1. About the Cα centre of chain B, how large is the charge dipole given +1 on each Lys and Arg Cβ and -1 on each Asp and Glu Cβ? Please answer in debye to the nearest 20.
2. Over chain A, what lengths in whole Å, largest first, do the semi-axes of the equivalent ellipsoid take, defined as the square roots of 5 times the eigenvalues of the alpha-carbon gyration tensor?
3. From Cα coordinates alone, what are the radius of gyration and Dmax values for segment B:439-516 in angstrom?
4. Less than 15 Å apart at the alpha-carbon level, and either on another chain or at least 8 residues along: which aspartates and glutamates does that give for residue B:24?
5. What area, in nm² and to one decimal, does the C-alpha convex hull of segment A:87-183 cast on average over all directions?
6. Taking every residue in A:5-18, how many Cβ atoms of other protein chains lie within 10 Å of its Cβ, on average?
7. How big is Rg to Rh over segment B:551-710, alpha-carbon atoms, Rh as the Kirkwood inverse-mean-distance radius?
8. Quick one: net charge around residue B:173, please, counting Lys, Arg +1 and Asp, Glu -1 for every other residue with C-beta under 12 Å from its C-beta.
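Any read-out appearing in this document is the output of simple, stated calculations on the displayed coordinates, not a laboratory observation. Keep in mind it's a predicted model, so treat the numbers as computed, not measured. With ideal geometry, Cβ positions are generated from the backbone for all residues, glycine too; neighbour counts draw on all protein chains shown.
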Amino acid sequence: MYDAFKERAIGVGAEVHRFATKGEATDFILAFLQKEEIADIPGSCAVWAESPFLDGVGKTALQQIAGIGFEVNRTLAAEARVGISQMDWALADTGSLVQDQSAVEKRLVSSLPAIHLALVPTANILEGKKALFERLNPRTSSYIAFITGPSRTADIERVLTIGVHGPQRLIIVFVDELGGGIS
Amino acid sequence: MKKDFKASITRAVNDANLTGALGKFSEAYKVNRAKAFEGIDFEALRTTVAEIKSAAACDLDALAETFKKNAEAQGAKVYRTSDPQQVKEYILTVARERGVKNVVKSKSMATEEIHLNRDLLESGISVAETDLGEWIIQLAGHTPSHMVMPGIHMTKEEVAELFSKEVDERLESDIPRLVKVARDELRGKFLAADMGITGANIAVAETGSIVLVTNEGNARLVSTLPRIHIAVVGLEKLVEEFSSVTPILEALPRSATAQLLTSYVSIISGPTPNDDGTMKELHIILMDNKRTEMARDPKFKQALQCIRCGSCLNVCPIFRLVGGHVFGSVYTGGIGTILTAWFDELKKSDEIQGLCIQCGNCKEVCPGKLDIPGMIMEIRRRLVEEKGQPLVQKAIFSVVNNRRLFHTMLRAASVAGKPFTSGQFIRHLPLFLSDLTENRSLPAIAAEPFRDVVKKIKQPKCEEKVAFYAGCLIDFAYPEMGVALVKLLNKAGIEVVFPQAQTCCGAPALYNGAYEAAANNAIENIKALLEEEVTQVVSACPTCTVALNHEFGATLETQGRTEWLAKAKELAEKTVDFSTLVKRLVDQRRLSFKDGEALGAITYHDSCHLKRALKVFEEPRELLQTLGYQMTEMFECDTCCGMGGSYSMKLPEISAPILKNKLANIEKTGAPVVAMDCPGCVMQIRGGLDQRGSSIKVRHSVELLAERLD
């Protein structure tokens, strides 16, 4: 299912990575942020929304790194270059990510920054919408979001252009160690 | 048709930007759509979607109440109204009471339908459309020209011009740069807005959820950043169960833009907290505006199965030439014609309904299983019923209803037409085939109609007898096609009977909404054709075949002439198109052809009625290949040739460019012969190639087959 997902997601312009442990994933993220020259200045920072991934990773250590913030509001998210969040599910048939985004922070970090880095537990890849809908409960999840690749438009002369109102890049990082199920 | 409507058509077809962008898109769409549906049983999927939506349309009132109850339980405020004015008043009241100054909107056809922006602006509230296409047309002061791609009629240069004014900076027409400008410019508006207005693609009664489907990410921001979110939802968006969302999400993006899924889908079930800790205000307005009335009409209830994907526009050979603006309304294309007739009024559709050539492309791809051409026919019928036929048309069909007079006039035309004959073509065909010769030569009326020729053919006496229904074109313009058919069937041991009382199949009247005249034709033909002791009735004109085996019954029913229904059914069951019959005879080894000879390349044009109403497209190809021709398929082989009966006379400005595309596609194959199974298509395509001085031969399959009998 991972391979099927990866093919679909790359097909719609996402970047896909996979790591066995949270440690390896953290190393990747830090290297990535460094490459993107994340710094403590508006326009260059990163915002990280509350996610299970952070349990035991050592938020305090991460907080020492210049440019990463765990406080999320519209101003900070709009000024961030990178938004990081953990998505609940991935759908193999369309290359989509799905998350209960009732908490506004989860929406802000995945919609306002230029780059959205999405962490996903590898075990939570589902076949498609049918399997997903059996697990969704709209009565308790007021805002369920599907994200499939970066933001796109073809509204000018039908020319596909990436990054209109949402992120221009979507980096998907699967972490095997995160296990399955939804916390 | 009014002059300004004609003028708007001429303007559109001569707008190279528009036809270029639309043409390119529709050509690519077909290929991409097919790819997007790979591995999916489209028929099964659309049956599911149609069932879900149809069930909802049966029960709109109850579903709306259930939705209201459940959405309110989730914390939303739900307002139901049938009146567009009240929708606007509700929004303005909320805006006034909460001191709203700035509104951001994501794409919503429902708000376009009621012209909401105008009222907001008049109340001193600033409104920004945030879908890129919508923003572009908002800046330009245009209406949407396409349901999914509202700004498809504009070039990048025009967009650069508009944006330059908006940001007060000279911008180049570089598309990624223009998109970046829109992102930066609208970002400020998103963050400053105190109200967000969206539509909804689906509304789920069971859970009180609304579903938003977008690519740009604007609906996410519109429903997240402002403290108030108002969703304006047409009642037809309601479905009963949450699980119904899945099939619609499977079908909608694939049909709309050939995507497996759009970049973003949001399912909102009640308000969520804002980032300052307050709770968002979520208002959902369920708007009726004639929808329940539509649901009560047995002919139009199916229109509520529409999921607003726009695929009917994308495959329409007319739409890709004229774009949306000639429709003069918010909703465009085939579905737009139907919605305009309802949401505005029937007579608003008087002119635009005439744009439909009845090719049936849209019906094939519609994920909601709407019979758009059928509903447009019903609009025509009601228009004629309401205001009568135009006088000239009425005169013509009264002639067509009088077989003796009609045939006498056609015979007279063969004489009258002679002075104008150049080779096989004349410049001005009399009677109802008026004066269109600019792009196409018309055939002469034959010196001797088939009904006379047939009497002279010596046929073997056979046990099996088949009746031949010629139709006007074979009878009076192309009798040689009839001769070929008789030759073929005789060879297979079948005697051909030609009932002399047969007359026009009524299609010309029917496609002009003159159902009464069409019903009279139906009855005359039923009488004539059932009188004979025959096993089958064969026709070599697909339009006639469809009339005989699909339409007679339905037409008679609309006129209350139910005493003829059983006979119509009997005739329908006996009727067969020529290719199907001949293929069967070949398979039964009752018919064979000279073999061994390579006859070279041939290309085949699928006639609309044969391909899409009768679903026959393999048989003629297989037969031609059996003869020794090598099939070289043309691009868009099953796209209409632009004939459409009297359509080509009424709207030559559209028919001509459609024909031009068809001819170009034929020429590109390099084949010296193009075959088809419809005398109407032969008339259109042969006339077009003649006008160009082309050497490509245009043949009805029946002639090619008869030539190669061994």
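1. Taking the Cα centre of chain B as origin, the dipole is about 1440 debye.
2. Working from the Cα gyration tensor, I get semi-axes of 23, 21, 16 Å.
3. According to the Cα coordinates of segment B:439-516, Rg and Dmax are 14.5, 47 Å.
4. By straight Cα distance, residue B:24 reaches A:155, A:157, B:15, B:636.
5. 6.7
6. Details: counts 0, 0, 0, 2, 0, 0, 1, 5, 1, 0, 0, 0, 0, 0.
Per residue, the average neighbour count from other chains is 1.
7. My calculation of the ratio gives 1.03.
8. On the way: positive: B:156, B:170, B:177; negative: A:157, B:157, B:158, B:161, B:172, B:174.
Net charge around residue B:173: -3.
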